[in-house]
Amino acid sequence: MLALVRLRRGVVGESRRVCHLIPVPTGPVPGHLTALCGESIFPGEAEVLDGLRGMPCHACLVRSAPSGTGLLANAG
């Protein structure tokens, strides 16, 4: 399962407040969470979003896409 999170205002500038995809841990809560793009998210730095909104992190999107040949053959 993935969570959609965005860094809070004041933690980073507005241009860096993108929506990251973070795998939800199944065990104990770690000291920080790591987005699919590699960004570390620490407690109190981000807000969990309840739906799609804001600018997505392009690197997270690329890493979440299924791999394989022909998946985008009929796109567009």
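Details
- If the condition is being outside any strand (DSSP E or B) and either in contact with a Leu (Cβ under 7 Å, 6 or more places away or on another chain) or under 18 Å from Leu7 (Cα atoms) (or both), then segment 26-41 contributes Pro30, Gly31, His32, Ala35, Leu36, Cys37, Gly38, Glu39.
- Residue satisfying all of: in segment 1-17; in contact with a strand residue (DSSP E or B) (Cβ under 6 Å, 6 or more places away or on another chain) and of a type outside the set (Gly, Ala, Ser); farthest from Glu45 (Cα to Cα) among these: Leu2
- Candidates are the residues of segment 4-24 that are among the charged types (D, E, K, R) and farther than 18 Å from Ala59 by Cβ; the one that is surrounded by the fewest Cβ atoms within 10 Å (Cβ to Cβ) is Glu14.
- Filtered by the rule that a residue be assigned to a strand (DSSP E or B) and without any contact (Cβ under 8 Å) to a residue 60 or more places away in the chain, segment 1-25 gives Ala3, Leu4, Val5, Arg6, Leu7, Arg9, Val12, Cys19, His20, Leu21, Ile22, Pro23.
- Taking the criterion of being modelled with pLDDT of 90 or more, of a type outside the set (S, T, N, Q) and exposed (fewer than 14 other Cβ atoms within 10 Å of the Cβ), the residues of segment 25-42 that qualify are Gly31, His32, Gly38, Phe42.
The values are calculated or read from the model by the stated rules, or taken from the named source; none is laboratory data. Because the structure is a prediction, the values reported are computed rather than measured. Reconstructed Cβ throughout: ideal geometry from the backbone, glycine too, with neighbour counts over all protein chains shown.
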